[in-house]
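The values are calculated or read from the model by the stated rules, or taken from the named source; none is laboratory data. These numbers come from a predicted model, not from an experiment. Note: ideal-geometry Cβ built from the backbone for every residue, glycine included; neighbour counts use all protein chains shown. Side chains are part of the model used for accessible areas, which takes the heavy atoms of the whole protein and leaves out ligands, DNA and RNA. Shrake-Rupley method; radii C 1.70, N 1.55, O 1.52, S 1.80 Å.
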Amino acid sequence: MLIERPPQWVRRLSPGALFRMPANEREKCVYLTFDDGPIPEVTPRLLDLLDRHGVKATFFMVGDNVRKYPHLYQEVLKHGHRVGNHTMHHLQGLRNDTETYIADVKEAAGYIKSDLFRPPHGFLKRKQLRKLLGEYRMVMYDLVTRDYSKRLSADDVFGNVKRYSRPGSIIVFHDSLKSEPRLFDALPRSIEWLKEQGYSFGVISEK
């Protein structure tokens, strides 16, 4: 549960960041997000899947992937989804000094036009967080499906969605090669189950 749903002490490490949208029990809504793309092996197929289910989502993109595949960035926008910055080179904040990290975010901003930001792996140094909060809406998560883990099956990923989803949850999947073996099995089942539970799907607004 420490990974799948960050506990309160983890959330307190990032004051000002968004982990969960305001919950409304009468109008249950969750927010699907996809990290680490876009890539040609996964993102187009994912866009088709979301279209079939009538779901809009928010894609937190790695700038270097957008640089290599700008047409996929445009396709995500054309399909009506929102985008966010996920650094240029998928840097971990805790492993990099603030100057290097902020420069990497700014480089990504040259390719990704958004004031939404999600740090890779969900952790930042306090100084990095303070600097970025002035320019970005910092979007964390309420549920990590762990679709990237080779130790989990698609059933396990789907089980995480069923166990931890709640009104207002910001849910993380990945459009990545690591996640592909589980994503296209677990995601449609998750969407169908969430709809059966009365959930709608929202996108995260910018600042």
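HN-Hα J couplings of the stretch 64-75 from phi, Karplus 6.51/-1.76/1.60, θ = phi - 60°, integer Hz, Gly and Pro as x?
Ordered by residue, 3J(HN,Hα) equals 5, 5, 5, 4, 6, 10, x, 5, 6, 4, 5, 5 Hz.
Normalising by the residue count of the stretch 38-155, find the relative contact order in percent from Cα pairs under 8 Å and 6+ residues apart. Don't skip to the end; give the middle numbers.
Details: 153 pairs, mean separation 26.5, N = 118.
Relative contact order here is 22 percent.
Could you grab the relative contact order for the chain? Cα pairs under 8 Å, six or more apart, rounded to a whole percent. Write down the numbers at each step before the final one.
Values: 401 pairs, mean separation 67.4, N = 207.
Result for the chain is 33 percent.
Report the equivalent ellipsoid semi-axes for the stretch 102-207 in whole Å, largest first, defined as the square roots of five times the eigenvalues of the gyration tensor built from alpha carbon atoms.
Values: eigenvalues 158, 54, 31 Å².
In descending order the semi-axes read 28, 16, 12 Å.
With +1 assigned to the C-beta of every Lys and Arg and -1 to the C-beta of every Asp and Glu, and no other charges, what is the dipole magnitude of the chain about the Cα centre in debye, to the nearest 20?
Values: 34 positive and 26 negative charges, 145 e Å.
Roughly 700 debye, rounded to the nearest 20.
Show me the ranking of peptides 106-112, 61-67 by mean Cβ neighbours inside 10 Å, starting with the highest. The partial results should precede the final answer.
Details: 106-112: 18.7, 61-67: 22.4.
Answer by packing, highest mean first, reads 61-67, 106-112.
Rounded to whole Å, give me the distance from the Cα center of the stretch 14-46 to that of the stretch 150-207.
If we compute the Cα centre of each part, the gap is 9 Å.
Before anything else, pin down the relative contact order of the stretch 1-89: Cα pairs under 8 Å, at least 6 apart, normalised by residue count, whole percent.
Working: 88 pairs, mean separation 24.1, N = 89.
Across the stretch 1-89, relative contact order equals 27 percent.
So which chymotrypsin sites (Phe, Trp or Tyr not before Pro) in the stretch 148-179 are both in a DSSP loop and have at most 14 other Cβ atoms within 10 Å of their Cβ?
Numbers: sites: 148, 158, 164, 173; in loops: 148.
Qualifying residues, ordered by number: none.
Looking at 31, 44, 60, which one has the Cα that reaches farthest to the positive end of the dipole of the stretch 23-65 (charges on Cβ: Lys, Arg +1; Asp, Glu -1)?
So the residue we want is 31.
Using 7 Å Cα-to-Cβ label points, what is the residue 49/residue 94 separation (nm, one decimal)?
2.9 nm
How would 193, 9 line up by accessible area, probe 1.4 Å, largest first? Write down the numbers at each step before the final one.
Working: 193 55, 9 140 Å².
The ranking, largest first, comes out as 9, 193.
May I ask you to list the trypsin sites (Lys or Arg not before Pro) in the stretch 15-64 that are in a DSSP loop and have at most 11 other Cβ atoms within 10 Å of their Cβ?
Taking the stretch 15-64 and a limit of 11 other Cβ atoms within 10 Å, the loop trypsin sites (Lys or Arg not before Pro) found are 26.
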